[in-house]
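A quick write-up on the structure given underneath.
The values are calculated or read from the model by the stated rules, or taken from the named source; none is laboratory data. Quick caveat, the model's predicted, so the values are computed rather than measured. With ideal geometry, Cβ positions are generated from the backbone for all residues, glycine too; neighbour counts draw on all protein chains shown. The protein model used for the area step is the full one, side chains on, heavy atoms only, and it has no ligands, DNA or RNA in it. Shrake-Rupley method; radii C 1.70, N 1.55, O 1.52, S 1.80 Å.
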Amino acid sequence: MCIRDRYQRRVHGIQWCQRRSMGKESKSQFSLKKVKQYILVGRAKPVAGQKEEPKVYRMRVFAPNTVIAKSKFWTLMRKQKKIKHTGGELIAIHEVIENPSKSVKVYGIVLRYQSRTGYHNMYKEYRDTNICGAMSQMYMDMAGRHRAREETIHIVRTCVVPESKIKRAETKSFTNGNVKFPLLNRISRPPIKKFKAFARAKRPTLFLQQNNSDS
């Protein structure tokens, strides 16, 4: 604990410092953009005296939790079907959990987002082991490249793209079977624990040295 934290703990109390640390943790966790996949089913509330039952709508939503998933569901229902939260009912909500996989796939995402000048359609490709990881990359990429907020991004369609139909050059570079990744930051470690030292007189070399000897 630094001097500043000790001073704030003495002035404001322990509870204030705990709330401050909880806020930092929640902010750092939210910055990771852990997205989950939900299936929501809803409809308009049945009116007394109405013969026909209200039409049921099913929607797939990507959100970090159920609260934001419900908010996205009713936002799209209000815009597309003119059904508000007060005049509708949520029938079911389920989280879709994919089977764990170690194979990397290419996911294509068709989206529509609102910028400061208007609405734009876009197609993105990301490499990941599941769709939730690809969506997390997409939200972070859109925030960094286009300053697009999560609530302004609407997912139109997602699919698994085969290698023959990949469009983006960045994704195509990984389709070659002879892809190699050089280890540039290789740190030599002592073979035995007794040779381990906390400080050394010689500065360590953190890159691979090539001996260019003239033949």
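Work out, step by step, the length gained on full extension between Arg157 and Ala92: first 0.36 nm times the residue separation, then minus their alpha carbon distance; give nm to one decimal.
Working: separation 65, 0.36 × 65 = 23.40 nm, distance 2.18 nm.
Length difference between fully extended and current span is 21.2 nm.
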Going down the table (Lys124/Lys180; Lys36/Lys84; Lys36/Lys102; Lys34/Lys167), which pairs top 20 Å between alpha carbons?
Lys124/Lys180; Lys36/Lys84; Lys34/Lys167
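State, to one decimal in nm², a quarter of the convex hull surface area for the C-alpha atoms of the stretch 146-189, i.e. the direction-averaged projected area.
Its average projected convex-hull area is 6.8 nm².
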How compact is the stretch 37-77 by the rule of thumb for globular proteins, expressed as Cα Rg over 2.2 N^0.38 Å?
1.37
If you average 1/r over all unlike Cα pairs in the stretch 127-167 and invert the result, what Kirkwood radius do you get in angstrom?
11.5 Å
Between the modelled labels at Thr66 and His146 (7 Å from Cα along Cα→Cβ) the distance in nm is 3.1 nm
Rounded accessible area of Leu184 (nearest 10 Å², 1.4 Å probe):
120 Å²
Burial-style ranking of 102-110, 126-134, 155-163, 193-201, average other-beta-carbon count within 10 Å with highest first, yields 126-134, 102-110, 155-163, 193-201
Would you mind counting up the charge near Ala148? Only other residues with Cβ under 11 Å from its Cβ, with Lys and Arg at +1 and Asp and Glu at -1.
+2
Roll a 1.4 Å probe over the protein heavy atoms and report the accessible area of His146 in Å², nearest 10.
70 Å²
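So if each residue of separation counts as 0.36 nm, and I subtract the Cα-Cα distance between Asn178 and Ile39, what length gain in nm does that give? Intermediate values should be presented prior to the final figure.
Details: separation 139, 0.36 × 139 = 50.04 nm, distance 3.92 nm.
Length gained, Asn178 through Ile39: 46.1 nm.
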Most positive-pole-ward Cα, Thr117, Met140, Ile91, against dipole of the stretch 78-160 from beta carbon charges
Thr117
Just subtract the alpha-carbon distance of Lys196 and Arg58 from 0.36 nm times their residue separation and send over the number in nm, one decimal.
43.6 nm
Go through 64-70, 117-123 and give me the packing order, highest mean Cβ count within 10 Å leading.
64-70, 117-123
